[in-house]
Amino acid sequence: MYADQATIRRILTETGDTWAVVGLSGNQARAAYGVAEVLQRFGKRIVPIHPKAETVHGEQGYASLADVPFPVDVVDVFVNSSLAGQVADEAVAAGTRAVWFQLGVIDEAAYERTRAAGLDMVMDRCPAIEIPRLG
């Protein structure tokens with residue numbers, strides 16, 4: 001329901017190649033680290049968003065989405081569901097084109113708000129799993 005194939009395909013192929021990865025740090029044990037690596041391999045520019053603002057995979061990190069000084073196309077969210085809605089709202093305010101909530105990240109109210117604002121959104125899916133399926 002929150003991840004139809006047409007929306008997944010559109011976000012991965014048409015929405016743009018600059019992906020802010022919220023929750024991405026230099027911790028190689030975290031899922032965000034590996035997913036960001038896959039996104040890069042498929043031609044996406046990743047923008048690490050984490051309070052530490054670390055450089056990850058050669059890309060400058062920022063403490064928040066609002067700190068990014070250039071347009072972001074997609075916001076990929078690796079935070080707890082209780083915090084994800086706020087990130088989705090920040091993505092709308094920042095003028096991004098799509099929001100992607102990772103596996104296990106679910107906030108139905110945020111989904112409705114984000115879609116009502118005109119953005120594409122996928123919830124409870126992983127782009128690193130979906131992008132190779134595109135062929």
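Rule-based calculations on the coordinates, nothing more; no lab input. Values in this document were obtained by computation on a predicted structure and should not be read as measured data. When we count neighbours, we look across all protein chains shown, and the Cβ atoms used for this are built from the backbone with ideal geometry, even at glycine.
Per-residue extension of 0.36 nm, minus the Cα-Cα distance of Glu14 and Asp124, leaves a gain of 37.6 nm for this segment. The length gained on full extension between Arg30 and Thr55, counted as 0.36 nm times the residue separation minus their Cα-Cα distance, comes to 7.5 nm.
Please state the shape class of segment 39-105: rounded when a/c is under 1.5, otherwise prolate if a/b exceeds b/c and oblate if not, all from the C-alpha gyration tensor. Taking the square roots of the gyration eigenvalues as a ≥ b ≥ c, segment 39-105 is rounded. Computed about its Cα centre, the charge dipole of segment 1-73 is approximately 140 debye, with only Lys, Arg, Asp and Glu carrying charge at their Cβ.
Taking 0.36 nm per residue of sequence separation and removing the Cα-Cα distance, the Ala94/Val38 pair yields an extension gain of 17.7 nm.
Here the chain is treated with +1 on each Lys and Arg Cβ and -1 on each Asp and Glu Cβ, and its dipole about the Cα centre works out to around 280 debye. Below 13 angstrom from the Cβ of Gln5, what's the summed charge of the other residues (Lys, Arg +1; Asp, Glu -1)? Charge balance in the 13 Å sphere: +1.
Would you work out which of Ser82, Thr13, Thr114 lies farthest towards the positive end of the dipole of the chain? Charges go on Cβ: Lys and Arg +1, Asp and Glu -1. Highest projection toward the positive end goes to Thr13. Comparing segment 5-133 with the 2.2 N^0.38 Å rule of thumb, its C-alpha radius of gyration ratio is 0.93 (two decimals).
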